[in-house]
Amino acid sequence: MSSSSSVPDYLRDENLTQKTKDLISSLPSEKGWLVCQMYQFQGRWHTQALLKGILTCQKQFEAKDSDIILVTNPKSGTTWLKALVFALINRHKFPVYSSSSGEHPLLVTNPHSLVPFLEGVYYESPDFDFSQLSSPRLMNTHISHLSLPESVKSSPCKIVYCCRKPKDMFVSLWHFGKKLAPEETADYPIEKAVEAFCQGKFIGGPFWDHVLEYWYASLENPNKVLFVSYEELKKKTGDTIKRIAEFLGCGFVGEEEVRAIVKLCSFESLSSLEVNREGKLPSGMETRAFFRKGEVGGWRDTLTESLAEVIDRTIEEKFQGSGLKFSC
Ligand code: A3P
């Protein structure tokens, strides 16, 4: 990716062991949108660095029964979901509706610093000791269901999956890429990016496999995987928080508390905080990169009708018969 200092290490292709380099050299690889080179592993495209994080995670991560793992495709509401679930499960430790909410960690810390990103942490610190996190451990990942560490699949730990309408996800990724890698993306035509997106050939792609794997997992095992959407969170934030709370067995959450969580984690509230306007993550990435518009249907000001149709056709083809619907 870019040599810009705001690019997190896990999107770079450095610091790899010989064993990882050998495995990587045996994988299909392509030049990609947003990255110089990407590699296909277990059906998905990754940078070398993220792949290293995933491999280490698969090898080392031991799930605990009480774990909560938030899963998303990139640009599908990860930051928001992290904030909401953090506020929810810590509401006794950090009350959101009392006068002490002035000291709430979300007011001074970006959600990505409060909820560790599994493969990112394993890339940056392969020996990171996840057992030191307080219980219940709250973590997030973009790893596909197929590639999850075995212990995550076999333990009763909980997975909350959030998906987003693909056109909004694409547009969010398009603008994120421009912020993160301005030199590489300056001359990259949006038509080519849409093509890569619809072929599934971009970092983290194909998006449909990711969504469908978790969708079917949620149907097969609704006590293990809860499937929510960005649009549902937007329309009925409070009700979705209650659904998540019930799924996680969080006990009673009062209406006042729910309202306070909705407010604390709203786009307007989080994006206006100094930590999310001026701050940086330990990786050097600017926190404001995670807050753009926060809208449903915002794709309209970036995609032409014909490009939108290209994505719509892909959605129709890939999600046909799944029961998942993404209307405009
Ligand atoms: P847009 O680029 O469409 O504005 P992720 O967190 O997975 O990287 O997703 C980023 C997207 O979520 C961005 O979408 C961002 O603006 C939006 N977002 C971030 N925080 C949000 C919040 N509290 N509420 C709603 N949307 C939010």
**Prompt:** Does LEU324 satisfy the condition of being touching a residue at least 24 places away in the same chain (Cβ under 8 Å) and within 17 Å of ASN110 (Cα to Cα)?
**Reply:** no
**Item:** Given (1) surrounded by fewer than 17 Cβ atoms within 10 Å (Cβ to Cβ); (2) within 16 Å of the ligand (Cβ to nearest atom); (3) modelled with pLDDT under 95, number of the condition MET285 does not satisfy
**Value:** (1)
**Prompt:** Which members of the stretch 154-188 meet the condition of being assigned to a helix (DSSP H, G or I), more than 16 Å from the ligand (Cβ to nearest atom) and modelled with pLDDT of 95 or more?
**Reply:** SER154
**Message:** Going by what's in this entry, would VAL262 be described as within 24 Å of ILE69 (Cβ to Cβ), over 21 Å from the mean Cα position of the chain (by Cα) and within 16 Å of the ligand (Cβ to nearest atom)?
**Reply:** no
**Message:** Residues to consider are LYS158, LYS165, LYS153; find the one that is surrounded by fewer than 19 Cβ atoms within 10 Å (Cβ to Cβ) and under 19 Å from the mean Cα position of the chain (by Cα).
**Reply:** LYS153
**Prompt:** Within the stretch 237-253, which residues are touching a helix residue (DSSP H, G or I) at 6+ places or on another chain (Cβ under 9 Å), on the phi < 0 side of the Ramachandran plot and free of Cβ contacts under 8 Å to residues at least 12 places away in the same chain?
**Reply:** ASP239, PHE252
**Asked** Quick check: anything in the stretch 159-169 touching a residue at least 12 places away in the same chain (Cβ under 8 Å), farther than 27 Å from GLU309 by Cα and in contact with a Leu (Cβ under 6 Å, 6 or more places away or on another chain)?
**Response** yes
**Item:** All positions within the stretch 288-315 that are more than 10 Å from the ligand (Cβ to nearest atom) and of a type in the set (A, V, I, L, M, F, W, C)
**Value:** LEU303, LEU307, ALA308, VAL310, ILE311, ILE315
**Item:** Selection count, the stretch 58-90, where residues are over 21 Å from SER131 (Cα atoms) and among the basic types (Lys, Arg)
**Value:** 1
**Complete:** Selection over the stretch 132-153 where residues are free of Cβ contacts under 8 Å to residues at least 12 places away in the same chain and not in a loop (DSSP other than H, G, I, E, B) yields a count of 2
**Message:** I'd like to verify a number: residues in the stretch 184-199 that are over 16 Å from THR304 (Cα atoms) and touching a Ser or Thr at 6+ places or on another chain (Cβ under 6 Å), how many?
**Reply:** 1
**Any hit, the stretch 273-281, residues being under 27 Å from GLN37 (Cβ atoms) and either surrounded by fewer than 18 Cβ atoms within 10 Å (Cβ to Cβ) or within 11 Å of the ligand (Cβ to nearest atom) (or both)** = yes
**Close pairs (7 angstrom Cβ cut-off, 6 or more residues apart or separate chains): modelled with pLDDT of 95 or more in the stretch 307-319, basic (Lys, Arg) anywhere** = ALA308/LYS167; ILE311/LYS167
**Request:** Could you tell me which numbered condition GLY238 fails, if it satisfies all but one of (1) part of a helix (DSSP H, G or I); (2) surrounded by 20 or more Cβ atoms within 10 Å (Cβ to Cβ)?
**Result:** (2)
**Condition met for CYS36 (touching an Asp or Glu at 6+ places or on another chain (Cβ under 8 Å), modelled with pLDDT of 95 or more, on the phi < 0 side of the Ramachandran plot and not in a strand (DSSP E or B))** = no
**Item:** So VAL225, is it away from the ligand (no atom under 16 Å from the Cβ) and among the aliphatic types (A, V, I, L, M)
**Value:** yes
**Item:** Test set (1) buried (at least 17 other Cβ atoms within 10 Å of the Cβ); (2) within 16 Å of the ligand (Cβ to nearest atom) - GLY200 fails condition number
**Value:** (2)
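The values are calculated or read from the model by the stated rules, or taken from the named source; none is laboratory data. All values reported here derive from a predicted model rather than from experimental measurement. Using ideal geometry, Cβ is built from the backbone for each residue, glycine included, and neighbour counts are taken over all protein chains shown.
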